[in-house]
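Undergrad: What follows is a single structure, and I will ask about it in a moment.
Readers should treat all values here as calculations from the given coordinates under stated rules, not as data from a laboratory. Every value quoted in this text rests on a predicted model; they were computed, and no experiment measured them. Here the Cβ is made from the backbone with ideal geometry for all residues, glycine too, and neighbour counts use every protein chain on show.
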Amino acid sequence: MSQSSSFVYVTFIRTTPEKLWSALTDPAQMKEYWLGSHMKTEWKKGAAWQLIYPDGRITDTGEILELDPPRRIVLRWRNEFRPELKAEGFALCAIDVEPVDKAVKLTITHSIERSPSKFIEAVSGGWPMILSNLKSLLETGQLVLADRPRPQ
């Protein structure tokens, strides 16, 4: 029986599903909260995607497996810049957006078919920073972590 590792992060953001969806899929907005990085893709099922650092390096790649605006994105995801993470192969990342009263519940589920996983360990440190910035930006217009160093 195969073992898997996963990371789940849930946050509630005072915004609308449409505004959150826009922040999740618009490269200009993404650069604001994703420490200058952004995703390059066509935003359609089956499309390839790349996460790109401000200096042009490709950090991660994959494919859009599911796209249901403004509710759900499922990505096939592989790290490209750390050999030990790339060697683990592809992971899955599900992004779920659900309206709750006057807020939106955002759930990120990142999983890989191996245990333990250095990749899951890495994303479990990265997602909280990114999503804290996203939440703060949408609610206050300000970032929490604007000048974090990027991996070499």
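Undergrad: How much net charge surrounds L67 when only the other residues with a Cβ under 9 Å from the Cβ of L67 are counted, with Lys and Arg +1 and Asp and Glu -1?
TA: +1
Undergrad: Scan the chain and report its longest stretch carrying no GluC sites (Glu not before Pro) that are both in a DSSP loop and have at most 16 other Cβ atoms within 10 Å.
TA: By the stated rule (loop sites, at most 16 other Cβ atoms within 10 Å), 1-41.
Undergrad: Same structure, new question: Please identify the trypsin sites (Lys or Arg not before Pro) of the range 57-152 that satisfy two criteria: DSSP loop assignment and at most 12 other Cβ atoms within 10 Å. Which are they?
TA: Details: sites: R57, R71, R72, R76, R78, K86, K102, K105, R114, K118, K135; in loops: R57, R71, K102, R114.
Passing sites in the range 57-152 are K102.
Undergrad: Fewest first, what order do D101, D60, D96 take by the number of other Cβ atoms within 10 Å?
TA: In increasing order of surrounding Cβ atoms, one gets D101, D96, D60.
Undergrad: Let me ask something else. Under a plain spin-label model, where a point goes 7 Å from the Cα along Cα-to-Cβ, how far apart in nm are T59 and A103?
TA: 2.6
Undergrad: What's the center-to-center distance, using Cα atoms, between the range 74-92 and the range 1-51 in Å?
TA: Measuring centre to centre over Cα atoms gives 16 Å.
Undergrad: Right, here's the next one. Run the helix sum for the chain: -39,500 (n - 2.57) per DSSP H stretch of 4+ residues, divided by residue count, reported at 222 nm to the nearest 500 deg cm²/dmol. The partial results should precede the final answer.
TA: On the way: 4 runs with 43 residues, N = 152.
Theoretical 222 nm ellipticity from helices: -8500 deg cm²/dmol.
Undergrad: Here's a follow-up. Just need log10 I(q)/I(0) for the chain at q = 0.10 Å⁻¹, Debye formula, equal scatterers on the alpha-carbon atoms, no solvent, rounded to two decimals.
TA: -0.33
Undergrad: On C-alpha positions alone, give me the angle between the axis of helix 118-140 and the longest principal axis of the chain, in degrees, nearest 10.
TA: 10
Undergrad: Please give, to one decimal in nm, the separation of the simple spin-label points placed at S132 and K44, each 7 Å out from Cα toward the Cβ.
TA: Label at S132, label at K44, 3.9 nm between them.
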